[in-house]
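Derivation of every value follows stated rules applied to the coordinates shown; laboratory data play no part. The structure presented is a predicted model; accordingly, all values stated were derived computationally and were not measured. Don't worry about glycine lacking a Cβ; one is built from the backbone with ideal geometry, like all the others, and counts go over all protein chains shown.
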Amino acid sequence: MSVLTKSATDRTPGAATPLDTLRVCIRKVLSATFELNVDFALSSGISIFFGPSGAGKTTLLDCIAGLTTPDSGHVSVLGHVLFDSTAGIAVPVTRRNIGYVFQDLALFPHLTVESNIAYGLAWLSAVERDARVDRLLSEMGIAALRSRRPADLSGGERQRVALARALVMQPSVLLLDEPLAALDLPVRMKIADDLRSCIQNTQTPVLYVTHSRDEVFTLGDNLLVLEHGRVIAQGTPHAVLSAPTNETVAQLAGFENIFDAVVTSIHEERGTMTCRVGGSPPGKTYREARGQGVELETPLVRSTPGDKLRVGISAGDILLSTTAPVGLSARNVLAGRLVSLSQRDAIIVAVVDCGIEVAAHLTLWARDSLGLTPGSAVWVIVKTHSCHLFQDGKRSK
Amino acid sequence: MDWQAFGLTIRLATVVTGILVVVGFPLAYWIAFSTWRWKFVVEAIVALPIVLPPTVLGFYVLVAVGQRSPIGRWWQAATGHPLAFTFEALVIGSVLYSLPFAVQPLASSLSAIDRRLLDASAVLGVSKLKTFFRVLVPLSLSGLVAGISLTFTHTMGEFGVVLMLGGNIPGITRTLSINIYDQVQDLNYSAANATALVLVAIAFVLLSVVYSLNRRFWRVWPRI
């Protein structure tokens, strides 16, 4: 499965190739400062649409399904045009045959599981309808629930009913809008597994929207990152995440620490450079770089002293030491003071002020054996190559 | 007990309730789903009969159905007799007078329905009209039963509008509430009491139905 890697410029809007399962090129102004403007083509398989809340994900799905009309553009499935503003085509939502599982599932509360699944099949003969519903009920492993109402189902069971209701229509594309967002974490991981096997069995191309990093890794074959109404990166999750091109992707890739930095000197001979980090207000979504700032040795990127960059450091890549370390290969050793310790699942998040405030992940055992408490003097150790540099929306090479 | 008046009252309440279900459902649907900015004006007009004295409403309907109004003249031309002081005039007045009692419970139960259910229905290929009968009607059933019960009870007990519009013609416009008034005028308190008790009993039973339904037919689907 692959995202067709054509760039937006060498594609004419409205030109669909038979290869494309789903071809979407739409523009919709949602407010004075926010417009959805995307252009992508997907072939079969599961495509993950990742983006923070408010990136326009649900609106995009609504446009594809026909619940919302784009201002302009083109939507086609398997070469069949569903919407085209220049040709004046807008197939009504009831005739698009697109499977859509909503974030809140929207099961009909007054109907049983069986009737929910059969809801869209009223045009079939009773025999054929029952056969299709029965097949889906057994495939999804929910045959025992057939006469229950949605209120009497668990979160995971509802999830499957909603999926069955969409799949029984034999849709040409299946849209899933954050299907796991409302579930508790332990349940979520189990259902993510279920969901993947259900989807993989159907052979239906899937567009899966999420803002959860875990789901990208659990389910994704193919990743598109949506930010503020635009697709900013696409490719396999590995390719996108190992070379993050901007902050949303960086956050997705797991950089808990992102700082504004200024290049101070370049060391061509060592393949590194020195950046002054902190001292200026960073992007509002990230940890504030407080304090006077520090100098970090980072990998060399094409730049000149005075250039503004951003540095991303994964909290799991930071070491803490209670004594001044000697004989280390790591170039960045910063003296600081522990500000706070908090526990998240099995991870201790230690926040250290060492001129900048950084978050480091520790194990419970490390915390206890080092006797760390807020106020402790610690040294923060960061390898040069753990510093990932970003330039104005692009990752530096 | 004046059985003729009783029969007439039941007939009036039934006809009015039937008309209001047919008229009230689309109106309630529009109130629940319209995004028109002046919608509140329509809502206020629908609610007017709750606060207006029945005599005011009765007076205007009387003028509207009178021989000098286009409606009254048209009716006379079409049927050969005047509209005022007939059963039909009572129906018109009662429909207007009970309108909020049918529309408001319906509109409130319709607007409590998750819009995403309508989207889900559309995505599954079901037309708006079929969605109305397959999703909206069943999910607003408690509002529908409440609207029917309230309309029926309210129409049965109506006095002012009937008196203004229909007068007191036995078998045509003399309803139970008018009957009670007559019995009291005649100082026949035991007959008035018997008639009044019938009205109280019917109202109590129907209101009990309404309030029992507020506990809902089925548990509402918990939002996960």
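Worth pointing out:
- Partner aspartates and glutamates whose Cα lies under 14 Å from the Cα of B:Lys128, excluding those fewer than 8 positions away in the same chain, are identified as B:Asp119.
- Between A:Leu370, A:Pro305, A:Val326, the Cα set farthest toward the positive side of the dipole of the range A:255-395 (charges on each charged residue's Cβ, about the Cα centre) is that of A:Pro305.
- Fewest-first sequence of A:Thr112, A:Thr21 by Cβ atoms within 10 Å of each Cβ: A:Thr112, A:Thr21
- Given charges at beta-carbon only (K, R positive; D, E negative), |dipole| of the range A:8-244 in Debye: 300 debye
- Residue mean of other protein chain beta carbons inside 10 Å, A:101-107: 5
- Whole-Hz couplings from phi, Karplus 6.51/-1.76/1.60, listed for the range A:295-312; x for Gly and Pro: 9, 10, 8, 10, x, 6, 10, 5, 6, 10, x, x, 5, 9, 9, 10, 10, x
- Over the range A:255-395, equivalent-ellipsoid semi-axes from the Cα gyration tensor in Å: 26, 16, 13
- Restricting attention to the range A:8-244, close to 60% of DSSP beta bridges with both partner residues there are antiparallel.
- The simple spin-label model puts a point 7 Å past each Cα toward its Cβ; for A:Ser321 and B:Val198 those points are separated by 10.0 nm.
- Residues of the range A:158-177 falling in the label zone of A:Asp193, defined by backbone nitrogen less than 16 Å from a point 7 Å along Cα to beta-carbon, are absent.
- Look at the stretch B:127-137: the mean tally of other chain Cβ atoms within 10 Å of its residues' Cβ atoms is 2.
- Between B:Gln4 and B:Val51, the C-beta separation translates, for a Förster distance of 41 Å, into a calculated FRET efficiency of about 0.80.
- Efficiency of FRET from Cβ geometry, A:Ile347 and B:Lys130, R₀ 56 Å, rounded to 0.05: 0.60
- Student exercise, the protein assembly as shown dipole from Lys, Arg, Asp, Glu Cβ charges, in Debye to nearest 20: 520 debye
- The magnitude of the dipole of chain B, with charges of +1 and -1 set on the Cβ of Lys/Arg and Asp/Glu and taken from the Cα centre, is near 1040 debye.
- For the protein assembly as shown, DSSP calls about 80 percent of its internal beta bridges antiparallel.
- For A:Gly45, distant residues with modelled amide H under 5 Å away: A:Val206
- Among A:Val358, B:Val41, a tally of other beta-carbon atoms within 10 Å of each Cβ gives an order, fewest to most, of B:Val41, A:Val358.
- Neighbour-count order for B:Asp186, A:Asp62, fewest beta carbons within 10 angstrom listed first: B:Asp186, A:Asp62
- Label zone (A:Thr236, point 7 Å along Cα-to-C-beta; backbone nitrogen cut-off 17 Å) within the range A:23-63: A:43-48.
- For the peptides A:294-307, B:163-176, the ranking by mean Cβ contacts within 10 Å, running from highest to lowest, is B:163-176, A:294-307.
- In plain terms, chain B is cut at each of the chymotrypsin sites (Phe, Trp or Tyr not before Pro) found in a DSSP loop with at most 16 other Cβ atoms within 10 Å, and the longest leftover piece is B:39-158.
- Kyte-Doolittle at least -1.0, axis length at least 27 Å by Cα - qualifying DSSP helices, chain B: B:3-33, B:87-111, B:189-213
- Close amide H partners of A:Leu22, meaning residues 5 or more places away or on another chain with modelled amide H under 5 Å apart, are A:Leu42, A:Leu78.
- The range B:160-174 - phi-based ³J(HN,Hα) in whole Hz, Karplus 6.51/-1.76/1.60, Gly and Pro as x: x, 5, 5, 5, 5, 8, x, x, 8, 9, x, x, 10, 10, 7
- Projecting the Cα atoms of B:Ser98, A:Phe50, B:Leu62 onto the dipole axis of the protein assembly as shown, where Lys and Arg carry +1 and Asp and Glu carry -1 at the beta carbon, places B:Leu62 farthest toward the positive end.
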